[in-house]
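The values are calculated or read from the model by the stated rules, or taken from the named source; none is laboratory data. Model, not experiment: these values are computed from the prediction. No Cβ is skipped: glycine too gets one built from the backbone with ideal geometry, and neighbour counts run over all protein chains shown.
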Amino acid sequence: MDKIKCFLLDDQINSIERLKNLLHQTNRVEITGELCDPEKAIDQILQLKPELVFIDVEMPRMSGFEVIREIRNNLFFPKFIFVTAYDQYAIKAIRASAFDYILKPIDIDDLKEALERFTTARKKFHIPESCCLTNREKEVVELVTKGNTSKEIGEKLHLSKHTVDTHRRKILEKLNIHSISELTITE
């Protein structure tokens, strides 16, 4: 199975090192990048395109929630796992569509469980490499899997609802599926 491409963002280098060591023990990930600076991390994440971002909540100058919003505003939608010492942000993380929320100090079993859930979700929806979706159709798929309506997708991509519906129909045809619900990953 392909290793999960991950990015680590935490303002404390010790936390990154600990997480890195635990992730290496799982033998399921490839760490594509790591940073302590949230502002620089945004550019790196957009450039490296990891599937999964481990992110702290409280960091200087920018919170984890602000980083996620900025990345999504750039139409990139990796999964995010919050790794934090603060349990009071769990509800806000759920509202921000975080994939998971792990408290520090990290328990290896919690980490393995999160990676297993990610791997299962990843299997549920996969666009074959041979499928020739346009970049715009891929953006629509990504937003559909996040639970966005055609109207919401249209607003985000500056398209009419009718145009989004047309993209959705073409996606169904190209992927040979019968309903949009087949595109939705349940987490």
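In table form, for the structure just shown:
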{"item": "Test: residue in the stretch 127-141 that is under 20 Å from L23 (Cβ atoms) and either of a type in the set (F, W, Y) or surrounded by 15 or more Cβ atoms within 10 Å (Cβ to Cβ) (or both)", "result": "no"}
{"item": "Residue among L52, L111 that is touching a residue at least 60 places away in the same chain (Cβ under 8 Å) and within 13 Å of the chain's Cα centre (by Cα)", "result": "L52"}
{"item": "Candidates I106, I102 - the one that is surrounded by 16 or more Cβ atoms within 10 Å (Cβ to Cβ), out of contact with any Cys (no Cβ under 8 Å at 6 or more places or on another chain) and more than 11 Å from I55 (Cβ to Cβ)", "result": "I106"}
{"item": "Of all residues in the stretch 131-142 being under 11 Å from V164 (Cα atoms) and aliphatic (A, V, I, L, M), the one that is nearest to the chain's Cα centre (by Cα)", "result": "V141"}
{"item": "Candidate set: the stretch 83-99, residues that are under 24 Å from V141 (Cβ atoms) and without any contact (Cβ under 8 Å) to a residue 12 or more places away in the chain; chosen: the one surrounded by the fewest Cβ atoms within 10 Å (Cβ to Cβ)", "result": "R95"}
{"item": "Unmet criterion (only one of (1) without any contact (Cβ under 8 Å) to a residue 60 or more places away in the chain; (2) in a loop (DSSP other than H, G, I, E, B); (3) under 21 Å from N148 (Cα atoms)) for F80", "result": "(2)"}
{"item": "Flag for R122 being surrounded by 14 or more Cβ atoms within 10 Å (Cβ to Cβ), at pLDDT below 85 and not in a loop (DSSP other than H, G, I, E, B)", "result": "yes"}
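For every residue, the table says whether it meets (1) touching an Asp or Glu at 6+ places or on another chain (Cβ under 9 Å); (2) in the same structural domain as K92 (by TED's automatic domain parsing); (3) modelled with pLDDT of 95 or more; (4) of a type in the set (S, T, N, Q).
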| residue | (1), (2), (3), (4) |
| --- | --- |
| D10 | yes, yes, yes, no |
| L19 | yes, yes, yes, no |
| I31 | no, yes, yes, no |
| L35 | yes, yes, yes, no |
| I42 | yes, yes, yes, no |
| F54 | yes, yes, yes, no |
| V57 | no, yes, no, no |
| R61 | yes, yes, no, no |
